[in-house]
Amino acid sequence: MPKSAKKRKAKRADFNKVKLKVGKKLPKADNVTDTTFKSRAIHLPEQLKTDVSQPTNFKQQNIKDLLTQCNHYSASVRHEAVTGLKDLLVRHPAVVPSHLSSVVEKSAQLFVDKDAVVRKAAIGLLRHTFSHVSSNQIAPFFSLISAHLCCAMTHIFEDIRHDSLTVLDVCLEHFPSLLTSRSGQILTNFLGQISSMKDKGVKKDTSSPSHRLSINPNSRLTSLQWRSKVLSRLHQFLKAMLLESDAGDRNNESGNQGFVHAAFDDNRPVCVQVFPYCKSTRSTGYILR
């Protein structure tokens, strides 16, 4: 009996309430967590200094931060980054040649941005950049601009195709020789903007044309207005090709393949070669009257 009473008392010991005497505090458990902490101020004056060696815009943002923000998911952030980048180049025009590759790449990527405000800002940035560089400086990067321009001209969204004509105007205004040297792809895109291929299932006559004029009833512009815009740009493009061809003839340059070869006669129409030179005997051109 005494042993069994001791066992029962030992089992109840874990559940017995501890009776404290007056003025005594409850002892802390073994697994208690200490939540006290100490804080001290750390002064780093060297890290707080602004780097005056890098040029910044009116918001004190350098070119590296702005180029990174051009890829942001928010359209407002992308727009602010492009406008801030243009402001930086306006304030510090000397940095344009050293960062030309990055600026041209970001501007060209935004040709097909889904936001119209961002596209407009990117075109303005490209126009400002073109005005501060020469043809030799921009020539290594013009293939990238031409590739993004062709993507914009054939884009599925109508607004992007409309803005691509503005990009074409900027290129023709500053560097027409570089643009006309890529006439093959660009002229094909002109054709695709106002026409489409005939249905493959329909039997076609070999003498009939393979394209037909495209009509979009849901467009903001009428088909006639859109064709007028495209054809006016095509006219400017062909004029630039003629000027480049005449300049090449005056300088006795050889191997100017891809430019326009034309001889004018008031008594007959002129067949103008507008696509790049190829070995095929069949020539492709437009008739100017």
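The values are calculated or read from the model by the stated rules, or taken from the named source; none is laboratory data. If you're wondering where the values come from, they're calculated on a predicted model, not measured in any experiment. Here the Cβ is made from the backbone with ideal geometry for all residues, glycine too, and neighbour counts use every protein chain on show. What goes into the accessible areas is simple: the full protein's heavy atoms, side chains included, and nothing from ligands, DNA or RNA. Shrake-Rupley method; radii C 1.70, N 1.55, O 1.52, S 1.80 Å.
Conditions tested, residue by residue: (1) within 48 Å of the chain's Cα centre (by Cα); (2) open to solvent by 100 Å² or more (accessible area, probe 1.4 Å); (3) closer than 30 Å to Ser98 by Cα; (4) at pLDDT 80 or above.
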| residue | (1), (2), (3), (4) |
| --- | --- |
| Lys6 | no, yes, no, no |
| Lys17 | no, yes, no, no |
| Lys25 | no, yes, no, no |
| Thr36 | no, yes, no, yes |
| Leu44 | yes, no, no, no |
| Lys64 | yes, yes, yes, yes |
| Gln69 | yes, no, yes, yes |
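So how many residues does the range 103-142 have that are touching a residue at least 12 places away in the same chain (Cβ under 8 Å), of a type in the set (Ser, Thr, Tyr) and more than 17 Å from Glu80 (Cα to Cα)? Here the count works out to 3. Of the residues making up the range 154-177, just one is at pLDDT below 90 and of a type in the set (A, V, I, L, M), namely Ile156. For beta carbons closer than 6 Å, sequence separation of 6+ or different chains, a first residue in the range 77-95 that is over 14 Å from Arg127 (Cβ atoms) and in contact (Cβ under 8 Å) with a residue 12 or more places away in the chain and a second that is in a helix (DSSP H, G or I) and open to solvent by 40 Å² or more (accessible area, probe 1.4 Å), the qualifying pairs are His79/Val117; Ala81/Gln69. Please work out if Lys59 is in contact with a Gly (Cβ under 7 Å, 6 or more places away or on another chain) and modelled with pLDDT of 90 or more. Judged against the criteria, Lys59 is not a match. Note on the range 158-171: residues that are closer than 16 Å to His235 by Cα and open to solvent by 30 Å² or more (accessible area, probe 1.4 Å) total 2. If you scan the range 85-111, which residues turn out to be under 17 Å from Leu149 (Cα atoms) and either open to solvent by 50 Å² or more (accessible area, probe 1.4 Å) or in contact with a strand residue (DSSP E or B) (Cβ under 6 Å, 6 or more places away or on another chain) (or both)? Ser101, Glu105, Gln109 - these are the residues of the range 85-111 that are under 17 Å from Leu149 (Cα atoms) and either open to solvent by 50 Å² or more (accessible area, probe 1.4 Å) or in contact with a strand residue (DSSP E or B) (Cβ under 6 Å, 6 or more places away or on another chain) (or both).
The listed residues are Val82, Val77, Val117, and the only one of them that is open to solvent by 60 Å² or more (accessible area, probe 1.4 Å), at pLDDT 90 or above, β-branched (Val, Ile, Thr) and more than 24 Å from Thr180 (Cβ to Cβ) turns out to be Val117. Only one of the numbered conditions (1) open to solvent by 50 Å² or more (accessible area, probe 1.4 Å); (2) not in a helix (DSSP H, G or I) is violated by His155, and that is (1). Within the range 122-149, the set of residues being buried (at least 18 other Cβ atoms within 10 Å of the Cβ) and closer than 13 Å to Val167 by Cβ comprises Ala122, Ile123, Leu125, Leu126, Arg127, Thr129, Phe130, Phe142, Ile145, Ser146, His148, Leu149.
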